[in-house]
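Some notes on the structure that comes next.
The values are calculated or read from the model by the stated rules, or taken from the named source; none is laboratory data. All values reported here derive from a predicted model rather than from experimental measurement. In this analysis, Cβ positions are derived from the backbone assuming ideal geometry, glycine residues included, and neighbour counts consider all displayed protein chains. The protein model used for the area step is the full one, side chains on, heavy atoms only, and it has no ligands, DNA or RNA in it. Shrake-Rupley method; radii C 1.70, N 1.55, O 1.52, S 1.80 Å.
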Amino acid sequence: MKNLRLSILAVSAAMLSISCAAQKKLPATPPVKDTTVVSDTTVKKTPPPKKGEPQPYNKVITNKAISATGFFKVHNVEDKYYFEIHDSIMNRDILVVNRMSKGAAGGRVSTMGYGGDQIGKSVIQFEKGPNNKIFLKSISHQEISSDSTEDGMYHSLRNSNLQPLEASFSIAAYAKDSSVVFDVTDYVDGDNDILFFEARVKRSLNLTQQLKDRSYIVEMKAFPTNVEIRTLKTYMKAPPSIPGIPAGSPSPATYELNSSLLLLPKVPMKPRYFDPRVGYFSTGYIDFDANPHGVKRISMATRWKLEPKPEDVQKYLKGELVEPANPIIYYIDPATPKKWVPFLIQGINDWQVAFEQAGFKNAIIGKEAPLNDPTWSLDDARNSAIIYKPSPIANASGPHVNDPRSGQILETHINWYHNVMELLQNWYMIQASPSDPRARTMSFDDELMGQLIRFVSSHEVGHTLGLRHNFGSSATTPVEKLRDAKWLKENGHTASIMDYARFNYVAQPEDKVGDAGMFPHIGAYDKWAIEWGYRWLPQFKTADEETAYLNKLIIDRLAKNPRLVFGTESDRDDPRNQSEDLGDNSMLASAYGIKNLKRIVPNILEWTKVPNEGYEHAAKIYGQVVGQFGRYMGHVTKNIAGIYSTPRKVEEGKAVIEFVPKAKQKEAVNFLHTHLFTTPKWLLDRNLYSKIGTGDMQTIAALQNGQLNSLINNRTISKLLDFENHSPSQAYTAIELYNDLKRGIWSELRTNQSIDIYRRSLQKMYAEKMIGIITPQDRGAVGALAAAARGAGPDISSMDNISIVKGHLRGLLADIRTALPQTRDAASKLHLQDVAERIKQALEPSK
């Protein structure tokens, strides 16, 4: 019996040893143990977890779960949704991008409200907290410091930048691999600006509270680097507020929304610092370490990550073209009309030649979206696409999503609004019809429209590669080269497709420049910009190390080829950087453009004729002609008081600021006298007016008024005073400008000719704008605007502006009084008497 008892005890001890060994293999921190505790006397079960504490995994994620595995797991268990996140993902940056999958009927405001529209973006982290909690944090990368020494700012910055906790979740269970499981149903089913509409977007769409009984989670999908959440959300929509009209009743608006949670790289891409001499979009932060005596704003160019495959590195470094490890792929929305798909793809693939200059072949690829593939979705954050939108808006746009830590572009959805074709047709008819008979109709053939679509596709893709508009590119082309078919075939009419230099309106019919000379193409600047942004430079480990090399590269390239210059879209003073212009001389280019407009006007009724329709097409095209003429005038006017601004580094040793030469400013004034202030009666076609009811005195007055506004104001005077102060012997002074304007606009005072109705209107506008500068009630507002534009400074009344204008008005008043006795025409006489009284009252308001 004794031996038997010992054997039983030995077996019990062995079982206890095995049980203890099994327990040691469990995760280190599972708060729930569904195991049996064995002692020498009793057998007890672990009490069940208290309410609110984590449950056994299989009690939460049951055999009814529908699960998907990505960089973290998502589970659907009987209409409850759970995230299962491993420790390795905790405290990792996750980019959240929210879009409309489907827009609400009648819920659009301007360009917002279409399927594919981005409605929110943020960076988040998941973090373990006390008491079995998981926190969702909103992360900002606007300020950084990496210097944790006693002299560094790391600790101070950290103490002042506690990231907000946007939401908390109770841990429902622990998995065997130490992942945590938590219920996100209420958070995803509710309303928040992390996963859904940003507050500003919600306001723009007039959305108020969510209607929970009409909202639900559609599905969740998990992929290797992203998790996709699709929901249907119904909100109350407030009626738009229209002054004078009683407010309507609120109504529901239902959207299908998609939230992409994209895991950002653990190690950010090496950034490339933004340089104003090459036009890239940028993102950035304030660095508390970069400046030893303050802070420094760091700006990084936004661009895709392109690197050669490991096996091709040596080939790349030797100068051979290689394919990138991860090419940039754009898909075409399956909803796109099939006849336009090839042209959109061509517009994408046209950028191949630019990437070849950066050392990569097949770096950018346009594809049709896969059909009947359940693993592919337009909403998947890994997929970039051109989204076709059923919109009357005549536009397209190319936004992109980037990693705020490095500027790395991660994906893009190009917005392609259906009615952009109307815009293309208008542009091409107005700018190209004298040279291209295909444009002399309201219905272009598919090949012509396809080529127009191709050019806009290339332009918008350029934006999604990181490139900004380059309005200065067209100014590098000599005007006479715009009429040279051979030169145009080799160089194009602008060096950048990122310019707004639509079509070659300078070319005359007899030049026969063909499509190659009429359409924009990927140009020399575009190739250079892609080379600068995408050339792989492994010899430099950091962006700081690249700086000197890239600076020298830019200086050398621009010295060799001025056509590689970047001209910003936001300089209001530099006449080289203008939208919709061509050539290096606005006066000469505009004169050629006007010659072509004069060919169009007599043909508008014939070219716009559509059987069984009215004259609305003729009215539209006439309006386009007037608009184009107005652009030409604006291009010219910007030369007057113009300032050239050229970004440079200290190594270049050249001027950044230069004034437009006096001769060119006077050339601009003379052009305005010839083509605008001398009534452009070619715009006044009586037969056309009888059909469409526009093209009268008001049309001319509006054109003249626009340019007078640009010429007669405190800002223009102040710039000319700066020029005079800087270079007295070379300056075109404000006194000279206004004397030159008076000489042309008031020429009848010298010749004693009668003043017709168009000129009387022009002269009254001129006098009123001058009077406005010296009238006390107007001067404060104008002075404040001028001061704001020029930065803080003295009130305009303490400068020479008012003195110059008063002196000019006194001279004009004297000229009018001299001319009045010789004026015989009754209308002219009344007009001059009226203007004289207005000027006298402005100069002597107390009398």
> So which of P334, P246, P342, P327 ends up being over 24 Å from I554 (Cβ atoms) and without any contact (Cβ under 8 Å) to a residue 24 or more places away in the chain?
Replying inline: P246
> Does segment 693-702 hold any residues that are surrounded by 20 or more Cβ atoms within 10 Å (Cβ to Cβ) and among the aliphatic types (A, V, I, L, M), and which are they?
Replying inline: I700
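Pick out, from segment 661-727, the helices (runs of 4 or more DSSP H) lying fully within it that include 2 or more residues that are farther than 21 Å from D740 by Cα. Break it down stepwise before answering.
Details: elements: 662-672, 686-692, 697-711, 714-726.
Hits in segment 661-727: 686-692, 697-711.
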> On the given criteria, is K666 open to solvent by 20 Å² or more (accessible area, probe 1.4 Å), more than 30 Å from the chain's Cα centre (by Cα) and of a type in the set (D, E, K, R)?
Replying inline: yes
> In this structure, is V420 of a type outside the set (D, E, K, R), within 21 Å of V278 (Cα to Cα) and in contact with a helix residue (DSSP H, G or I) (Cβ under 8 Å, 6 or more places away or on another chain)?
Replying inline: no
>> Quick check on R440: is it charged (D, E, K, R) and more than 18 Å from the chain's Cα centre (by Cα)?
In response: yes
> If the Cβ limit is 6 Å and pairs must be 6+ apart or interchain, which residue in segment 475-499 that is on the phi > 0 side of the Ramachandran plot and in contact (Cβ under 8 Å) with a residue 24 or more places away in the chain pairs with which residue that is crowded, with 24+ Cβ neighbours inside 10 Å and of a type outside the set (V, I, T)?
Replying inline: G492/G523
>> For segment 111-118, check the following and say yes or no: at least one residue is open to solvent by 80 Å² or more (accessible area, probe 1.4 Å) and under 30 Å from H418 (Cα atoms).
In response: no
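If you check A589 against the conditions, is it within 24 Å of G517 (Cα to Cα), open to solvent by less than 10 Å² (accessible area, probe 1.4 Å), of a type in the set (A, V, I, L, M, F, W, C) and outside any loop (DSSP other than H, G, I, E, B)?
yes
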> For the subset of segment 62-80 comprising residues that are open to solvent by less than 20 Å² (accessible area, probe 1.4 Å) and touching a strand residue (DSSP E or B) at 6+ places or on another chain (Cβ under 7 Å), which member is farthest from R382 (Cα to Cα)?
Replying inline: H75
> Is it the case that segment 606-628 has a residue that's crowded, with 21+ Cβ neighbours inside 10 Å and over 35 Å from the mean Cα position of the chain (by Cα)?
Replying inline: no
> For segment 515-529, does any single residue satisfy the condition of being open to solvent by 10 Å² or more (accessible area, probe 1.4 Å), touching a helix residue (DSSP H, G or I) at 6+ places or on another chain (Cβ under 6 Å) and free of Cβ contacts under 8 Å to residues at least 60 places away in the same chain?
Replying inline: yes
> Filter segment 453-479 for residues that are of a type in the set (D, E, K, R) and either touching a strand residue (DSSP E or B) at 6+ places or on another chain (Cβ under 8 Å) or under 16 Å from R563 (Cα atoms) (or both); which is most open to solvent (accessible area, probe 1.4 Å)?
Replying inline: R468
> Can you spot a residue in segment 764-781 that is open to solvent by 60 Å² or more (accessible area, probe 1.4 Å), of a type outside the set (F, W, Y) and at pLDDT 95 or above?
Replying inline: yes
> Given G366, G347, which one is open to solvent by less than 40 Å² (accessible area, probe 1.4 Å), in contact with a Phe, Trp or Tyr (Cβ under 8 Å, 6 or more places away or on another chain) and part of a strand (DSSP E or B)?
Replying inline: G366
> Tell me, which residue of segment 451-473 that is among the aliphatic types (A, V, I, L, M) and part of a helix (DSSP H, G or I) is farthest from L424 (Cα to Cα)?
Replying inline: V461
